[in-house]
Every structure is written in structure tokens, then in C-alpha cells.
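In what follows, a structure is listed as C-alpha cells, so that the remarks can point back to it.
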Amino acid sequence: MPMSTPASTASPQPARAAPHGARQAIGSMVFTVFFMAWTFFYAIFFVVACLFLPFRGRFQLGRVWARVILTVLRWTCRLEHRVEGTERLPPGNHIVLMKHSSSWETVAQALLLPRQVWVLKRELLWIPFVGWGIRQLRAIAVDRGGGSAAVRTVLEQGKRRLAQGDWIIIFPEGTRMPPGETRKYGVSGAMLAAATGKLIVPVAHDSGYYWPRRGLMKKPGVIRVVIGPPISAAERNPRDVNLEAQQWIEAHSGPPGAGDPA
């Protein structure tokens with residue numbers, strides 16, 4: 001009788017990430033060229049269309065811009081994302097503090113959360129057409145070196161935007177940070193929450209490990225976005241609120257595969 005072959009006892013090998021070879025380099029280059037061209041030419045169309053649209057319609061057009069970019073990113077660089085914790089979003093409109101380590105979240109934020117306005121550096125408004133389009137989206141532009149004046153701008157304009165029913169998204173680090181690093185969070189978001197009775201919603205992600213803040217190469221994979229439990233600022237020191245949000249965000253922002261902290 002033929003002898004049966006014994007089953008292999010070797011341990012299964014973990015799946016390896018796709019190699020970052022020529023295909024990934026070409027895909028990253030193609031995506032970068034598309035990103036820049038699409039943003040510029042779509043901005044021209046967007047500025048003209050905004051002459052005839054209320055804010056709700058403008059924001060929906062902004063989402064089209066973002067959705068196309070993320071679709072092309074998936075095709076060219078094999079980079080996708082998944083979102084966890086959407087059930088934690090409270091009813092109404094509130095203030096989001098989001099990790100900032102890549103250009104990815106500046107695009108994806110339009111799709112991750114309800115109708116929103118962004119706090120951003122004023123220099124972006126100076127870009128022809130793109131800056132004009134940003135103005136049409138009610139962005140709150142601040143001078144990053146303005147100190148207390150920048151905080152007052154966020155408080156004054158933020159109260160109006162919240163009263164209009166919009167969420168406000170803030171990158172409290174103020175600039176893109178390398179993966180695994182952070183800096184002192186700006187306090188304007190926590191102060192705005194304390195002044196308006198709104199909640200702080202922390203949002204973490206690991207995009208910086210896939211789309212570095214410098215360089216063209218994008219790594220294939222799945223960016224993990226985690227929406228955290230809302231934080232109340234009522235009758236609390238804004239700096240304590242800020243610290244709580246920062247600790248949660250940094251603990252849930254990677255590296256990929258690390259899982260949630262115990």
C-alpha cells in the first residue's frame with residue numbers, strides 16, 4: 001500500500017507586506033501627479049460652482065474631490081483605510097481633535113465625519129484657486145505663529161461655525177509629526193469646547209506610517225482610523241481636557257498591528 005504523507009507541522013508564516021519595488025514607486029509617482037493636477041483643476045471648477053451653491057452643496061462638492069483622490073490612491077498605491085468607532089459620534093455637532101502625521105488626513109477628513117469646517121494655516125489661502133476654494137468652505141484660517149491672537153480667531157469664528165451646525169476639525173499639533181512622535185497640543189479646541197458646551201471627539205490614525213510627511217513613496221496597506229469616546233469640557237480646565245485627548249490619541253495612533261493599549 002502506498003504510504004500516506006504526514007501532514008506538515010511547520011507553523012504558518014505571517015503574511016508579508018507587498019514589496020515596495022518599482023510598481024509601488026511608479027504608482028506613487030502617478031498618484032502624486034494626479035493629486036496635484038486634480039486638486040488644481042477641480043479647484044477652478046469648484047470656485048465657479050460655489051457662486052451658485054449654498055454651503056451644504058459646496059461641502060458635498062468638496063467630498064467629491066476627496067472621494068476621487070482616495071479612490072485613485074487605492075488604485076495606484078494599494079492604500080486603503082478602515083474606520084472604527086463611528087458609533088461613538090455623539091448627536092449634534094462638536095469639535096474633533098485629530099492626529100496629524102500625513103497629508104492623507106487633510107483629504108480623508110471630509111469623508112470621515114459629518115459636515116465640517118477646518119482650522120488650518122492661513123498660508124493655504126494664498127494658493128491660487130485652491131485657496132479661494134478653501135475660503136468657500138468656511139475654513140478658519142490662523143497664523144500659526146500668532147499665539148493668543150490665533151486662539152482668539154478660533155474661539156470667535158468657531159462659535160459662529162458651531163452655531164451654524166457645522167463640526168469643527170482641528171489638528172492640535174499644528175503641523176505634521178513623524179510617526180510615533182508628537183508635540184504639545186494647542187489648547188484652542190479645548191477652550192472652544194469649554195466656552196460652548198460642546199464635546200471633544202478625539203480621532204487617532206496611523207496614516208504617517210503609510211504616507212510619510214516627506215517623500216513621494218506611499219506604502220500599501222490599510223490605514224486604521226479610530227474615533228474615540230467623547231470628552232466633556234464642562235467645568236474643567238481646558239488644559240486637563242487637552243491632556244486627556246492627547247493621551248488617548250497618541251495611544252491609538254500606531255504603529256500598524258500594535259492594536260489598542262491594554
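Remark: spin-label model distance Lys184-Val72 equals 4.0 nm, labels positioned 7 Å along the Cα→Cβ axis. Annotation: for a label point projected 7 angstrom from Cα along Cα→Cβ of Glu84, residues of region 236-253 with backbone N closer than 19 Å are 245-253. For the chain, modelled as a GNM whose springs connect Cα atoms under 10 angstrom apart, the maximal fluctuation among Asp143, Asp206, Asp166 occurs at Asp143.
Each Lys and Arg contributes +1 and each Asp and Glu -1, all at the Cβ; summed about the Cα centre of the chain, the dipole is approximately 660 debye. Taken over the chain, lysine pairs spaced eight or more positions apart, or on distinct chains, with alpha carbons under 20 Å apart number 8. Legend: ranking of residues Cys50, Cys77 from fewest to most surrounding C-beta atoms inside 10 Å; resulting order Cys50, Cys77. Of the trypsin sites (Lys or Arg not before Pro) found in region 156-224, those that fall in a DSSP loop while having at most 12 other beta-carbon atoms within 10 Å are Arg183, Lys184, Arg214.
Spread over its residues, the convex hull of the C-alpha atoms of the chain is 173 Å³ per residue. For the chain, the membrane-span-like helix rule (DSSP H, alpha carbon extent of at least 24 Å along the helix axis, mean Kyte-Doolittle at least 1.6) picks out 22-49; this says nothing about an actual membrane.
Taking only C-alpha pairs under 8 Å that are 6+ residues apart, what is the relative contact order of region 121-184 in percent? Relative contact order comes out at 20 percent. Largest GNM mean-square fluctuation among Glu105, Glu156, Glu250, using the chain with Cα springs under 10 Å: Glu156.
The GNM of the chain, with springs linking C-alpha atoms under 10 angstrom apart, assigns the highest mean-square fluctuation among Gly92, Gly174, Gly27 to Gly92. Here Val72, Val119, Val222 are placed in order of increasing Cβ neighbour count within 10 Å, fewest first, which gives Val222, Val72, Val119.
What is the Cα centroid distance between region 78-103 and region 174-250, reported in whole angstrom? Value for the Cα centre distance between the two parts: 10 Å. Between Ala149 and Gln247, the distance separating the two model label sites (each 7 Å from Cα on the Cα→Cβ line) works out to 3.5 nm.
Each reported figure results from applying straightforward, stated rules to the coordinates on display, with no laboratory input. Because the structure is a prediction, the values reported are computed rather than measured. Backbone-built Cβ (ideal geometry, glycine too); neighbour counts: all protein chains shown.
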